[in-house]
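So the structure is just underneath, and the comments pick up after that.
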Amino acid sequence: MPFPHIRKLDLSLVWPLYALLDERHVTRAAHRCDMSQSAMSRALGRLRSALDDELLVRSGAAYERTPRGDQLLVDLQALLPRLDAAVRGNRFDPATSTDRLCIATTDFAASVLIPTLLERIAGAAPSVRIEVVPWNDRVFNDIEAGRTHLALIGVQAPEPFESKPLFTDEFVCVVAENNPLRARLTLKRYVEHGHAVVTIGKHGGQPWIERALAANGCERRVEYRSPYQLSAILAASRTSMICTTARLLAKRLAPVANVRLLAAPRELPKIEYRMAWHPRLRDDAAHNWLRDQLMVVAQDLSA
């Protein structure tokens, strides 16, 4: 009989198995699978028995995967997207779909793109769930593992990920209404002032700006750092600091934040945002639909 070992495993446990191995935490895995903690604990017991391996072993207050657990996680990361596509048959009807589509992006892109995306799909796909997770340095690992489906990024995607341009923007300097600065800032005046800086990823700054300043042999005097665009803009509105952010977002917030927009130094680069995905999702119907919706929203934004 072909595939004799599959008969040993209740296939309804495949998704809990993946969640347990990925999270290494019973409560988080239960939340991810919409199960109670006790039900997930029972599932772990059944999986250990069926696979004849502990899968997860305690290490202090946490769990660590066994070698068998490590290999199963790698296998499932490759298998589950293909199995899901096989069961669905690559059919996608937005009107009836209950898919959950997870997008990783920055505070900026989530603010300027996602609300319009939700408005656009509300009637056509009433039960599709869009979830946004913060940009972090493991985003591409998460896409490869299937935890995240799409990234909206201001950098080139590494191999083997595919990407497509969405829109371009430019930096502007946000200052308080009563700030004496006027017109376009020269690079010299720009670095002389204090700055409220939006931190992106592990580097603690805005990579496009930091690289441009380093290329010109200078750096900003940072007086405040925040991972949130709104917090940095409001900090500038109450102080003499400059907040450098994208024009599209600054124009939306200026009327309510009591700030003015100044042209940034010419040495600062343009911003190009792209969407990136794993090659295995290239022909997936649901992901093609999502990418198409984002393209329309981005084109409207650029117009």
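How about the range 148-167: which of its residues are assigned to a strand (DSSP E or B) and more than 22 Å from THR245 (Cα to Cα)?
Across the range 148-167, the qualifying residues are LEU150, GLU162, SER163, LYS164.
Pick out the one residue from ARG120, ARG147, ARG82, ARG100 that is closer than 29 Å to LEU47 by Cα, surrounded by 13 or more Cβ atoms within 10 Å (Cβ to Cβ) and among the basic types (Lys, Arg).
One residue alone meets the criteria, ARG147.
Only residues that are under 27 Å from the mean Cα position of the chain (by Cα) and either of a type in the set (A, V, I, L, M, F, W, C) or over 22 Å from ALA145 (Cα atoms) (or both): list them for the range 49-86, please.
ALA62, LEU72, LEU73, VAL74, LEU76, ALA78, LEU79, LEU80, LEU83, ALA85, ALA86
From (1) farther than 21 Å from LEU230 by Cβ; (2) in contact with a helix residue (DSSP H, G or I) (Cβ under 7 Å, 6 or more places away or on another chain); (3) of a type in the set (A, V, I, L, M, F, W, C), pick out the condition that doesn't hold for VAL174.
That leaves (1) as the condition not met.
When you check ALA183 against the structure, is it of a type in the set (Gly, Ala, Ser), closer than 28 Å to THR244 by Cβ and not in a helix (DSSP H, G or I), yes or no?
Judged against the criteria, ALA183 is a match.
Being in a strand (DSSP E or B) and closer than 13 Å to PHE108 by Cα is the filter here, so list the residues in the range 198-218 that pass it.
VAL198, ILE200
Take the residues in the range 56-69 that are under 14 Å from ALA29 (Cα atoms) and among the hydrophobic types (A, V, I, L, M, F, W, C), then tell me which one is surrounded by the most Cβ atoms within 10 Å (Cβ to Cβ).
Ranking the qualifying residues of the range 56-69, first place goes to LEU56.
For the range 219-284, give me every one of the strands (runs of 3 or more DSSP E) that falls completely inside it and has 2 or more residues that are modelled with pLDDT of 95 or more and among the β-branched types (Val, Ile, Thr).
242-246
Whether any residue in the range 104-116 is surrounded by 11 or more Cβ atoms within 10 Å (Cβ to Cβ), of a type in the set (Asp, Glu) and in a helix (DSSP H, G or I) is what I want to check.
Yes, because at least one residue in the range 104-116 is surrounded by 11 or more Cβ atoms within 10 Å (Cβ to Cβ), of a type in the set (Asp, Glu) and in a helix (DSSP H, G or I).
Need the failing condition index for ILE209 against (1) within 32 Å of the chain's Cα centre (by Cα); (2) more than 16 Å from TYR273 (Cα to Cα); (3) buried (at least 19 other Cβ atoms within 10 Å of the Cβ), just the number.
(2)
Kindly indicate whether ARG46 is of a type in the set (Lys, Arg) and either under 22 Å from THR148 (Cβ atoms) or at pLDDT 90 or above (or both).
yes
Going residue by residue through the range 137-147, is there one that turns out to be part of a strand (DSSP E or B) and either touching a Pro at 6+ places or on another chain (Cβ under 8 Å) or in contact (Cβ under 8 Å) with a residue 40 or more places away in the chain (or both)?
no
Tell me whether the range 17-33 contains one or more residues that are modelled with pLDDT of 90 or more and in contact with a Gly (Cβ under 8 Å, 6 or more places away or on another chain).
yes
The values are calculated or read from the model by the stated rules, or taken from the named source; none is laboratory data. It should be emphasised that the depicted structure is a prediction, and the values quoted were computed from it without experimental measurement. Using ideal geometry, Cβ is built from the backbone for each residue, glycine included, and neighbour counts are taken over all protein chains shown.
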